[in-house]
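A short worksheet on the structure shown next.
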Amino acid sequence: MGLTVFAFEASPPCRGVFITLKALGLEYELKQIDTKAGDTRTPEYLEKNPQHTVPLLEDGDLYLAESRAISTYLVNKYAPDSDLYPKDPEARALVDSRLFFDVGLNTALLHILKPLKYDGDIARSDAAIPALLDLINIFEAMLAKSEYAAGDHVTLADLAIVANVSTAEAMGLDLSGVPKVRAWLDKIKQLPCYEANVQGVTQLGVMYKEGSTALRAKAQ
Amino acid sequence: MGVEIYGSEGSPACRCVFLVARAIGLDYTLKPTNPMAGETRTEEFLRMNPAHTIPTMADDGLFLGESRAIATYLINKYAPESELYPREPAARAVVEQRLFYDVGLFAALRSVLGALLYFKSPEQFEAALPQVDECMELLETFLKRSPFVAGDHVTVADLAIVANVSTIEAAELDLSRWTRVQRWLAKMKALPYYSVNEAGAQYLGGVFKKALFQARKAKFSAS
């Protein structure tokens, strides 16, 4: 029967799951979801996921929402000895802590993207940029203590966070003040599993640049 | 030295950690830390946690931010057989999914509290309420599917969520539509270790009620 992922490529949390699936070498079927067209609000979808979000994982009887819970599940279930999610309590705790930090990154991104996508409100979108850059500065400080997001090797924390940080880069946001983040991003981009992020992040970057440029021109 | 938690009794995120520690019988020291007084912005604190948030945990050289990561760490480390955080992958995954849901619940609660405590705006408060309603509706749906939020027994997800829901109740926001939530809340309050959450929930709820009263009074006087 295998794994099914309900998702769309531009979405950073969806890309976090795609990257993890590729890193673990797991096959899956992708079911395309268009949130704007209401695909997550049908009674059928709500039965599977009352949170009406993507990504959603289907594995047999299990329907699991929340990208980071999906990623940790995939390791726990299919690759329990993987270094991506160490079993040692201290090491695992650091990965978990960064995964929760990553939720904040995604929320800050959404505060920039949603006003653009749904309301054409460039002022509100632009006003949300400093909050994201603040969090990226915090990530810079975290990288002063460890080479990767949660220690001395790649973990699920890197795979989740890169979906968001690569989006900030693709959007053309100013990352000149965070050299450690840029160096880390270059390293993660070299990983074979990063390929799963490329199409979606490019799409989202283009959408943001075109949309925001057009709206700023109109505002003048 | 033992486990130290930098935080406060009022903070729902801190109370999640207190509940878990009590539930597994783990001693800890509370190091009172007030973000509003700049205490999370000192060089010393930022060295422990650059994200400058509470709770922050110190355990024998390990420094950790993020309440739900602290909670699962304490169980993994000090009570790995505990049913609070099942080890079977699918069961654990549901618990984690509910923990991530709880992030959204706290965000909604914070919008409502922030509207009054920082912005002192009844309008912003009213605008933020639907977010709380949506989270409560979701919780009601989870509780239609199982007696506790992530299955048939209490887990760390229930403890995280109750820290927030008890605050919503103490703030006297309307929970009357959510009959399963109320039933679940009553069961949670009956847990032997629940008392560590009570004072903080009442305190924060009280702060909120006072702020709402002031904001409405100001509006009334101004009109």
Subject >> HN-Hα J in Hz across the range B:52-66 - Karplus 6.51, -1.76, 1.60, θ = phi - 60°, x for Gly and Pro >> reply: 6, 10, 10, x, 10, 10, 10, 9, 6, x, 8, 10, 9, x, 6
**OP:** For every other residue with a beta carbon closer than 14 angstrom to the beta carbon of B:Tyr28, add +1 if it is Lys or Arg and -1 if Asp or Glu, then tell me the sum.
**Re:** -1
Subject >> Three-way shape call for the range B:69-172 based on the alpha-carbon gyration tensor, with the a/c threshold at 1.5 >> reply: prolate
Original post:
Which of the helices in chain A meet the span-like rule: DSSP H, Cα axial reach of 24 Å or more, Kyte-Doolittle mean at least 0.0?
Top reply: A:89-114
**OP:** Specify whether the C-alpha gyration tensor of the protein assembly as shown places it in the rounded, prolate or oblate class, a ≥ b ≥ c being the square roots of the eigenvalues: rounded for a/c under 1.5, otherwise prolate if a/b is larger than b/c and oblate if not.
**Re:** rounded
**OP:** Work out which helices of chain B, taken as complete DSSP H runs, extend at least 24 Å along their axis over the Cα atoms and score a mean Kyte-Doolittle of -1.0 or more, then list them.
**Re:** B:89-117, B:122-145, B:195-222
**OP:** Tally up the carbon and sulfur contribution to the accessible surface of the range A:1-51 as a whole percent, 1.4 Å probe, everything protein left in place.
**Re:** 49 percent
Subject >> Cut-off 15 Å between beta-carbons: net charge of the residues surrounding A:Gly211, Lys and Arg +1, Asp and Glu -1 >> reply: +3
Subject >> Protection proxy ranking, peptides B:208-219, A:161-172, average beta carbon neighbours within 10 Å, highest first >> reply: A:161-172, B:208-219
Subject >> Listed pairs A:Lys87/A:Lys145; B:Lys31/B:Lys187; A:Lys36/A:Lys189; B:Lys189/B:Lys209 exceeding 25 Å between Cα atoms >> reply: B:Lys31/B:Lys187; A:Lys36/A:Lys189
Subject >> Partner chain coverage, peptide B:71-81 - average Cβ within 10 angstrom >> reply: 3
Original post:
What is the Cα convex hull volume of the range A:1-76 when expressed per residue in Å³?
Top reply: 84 Å³
**OP:** Just check chain A against the gyration tensor rule for me: Cα atoms, a ≥ b ≥ c as the square roots of the eigenvalues, rounded for a/c under 1.5, and otherwise prolate or oblate depending on whether a/b exceeds b/c.
**Re:** oblate
**OP:** Apply the Karplus parameterisation 6.51 cos²θ - 1.76 cosθ + 1.60, with θ equal to phi minus 60°, to every residue of the range B:36-50 and state each ³J(HN,Hα) to the nearest whole Hz, in sequence, with x for glycine and proline.
**Re:** 5, 9, x, 6, 9, 10, 6, 4, 4, 5, 5, 5, 6, 8, x
Original post:
Given H placed 1.01 Å from N in the peptide plane, which residues other than close sequence neighbours of B:Gly7 have an amide H under 5 Å from its amide H?
Top reply: B:Lys31, B:Thr33
**OP:** Give me the distance between the Cα centres of the range B:1-74 and the range A:126-168, rounded to whole Å.
**Re:** 21 Å
Original post:
Can you give the average number of partner chain beta-carbon atoms within 10 Å of each beta-carbon in peptide A:98-104, as a whole number?
Top reply: 5
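The values are calculated or read from the model by the stated rules, or taken from the named source; none is laboratory data. Quick caveat: nothing in here was measured; it's all calculated off a predicted structure. Note that each Cβ is placed from the backbone with ideal geometry, even for glycine, and that neighbours are counted across all protein chains shown. Protein only, heavy atoms only, side chains kept; ligands, DNA and RNA dropped before computing areas. Shrake-Rupley method; radii C 1.70, N 1.55, O 1.52, S 1.80 Å.
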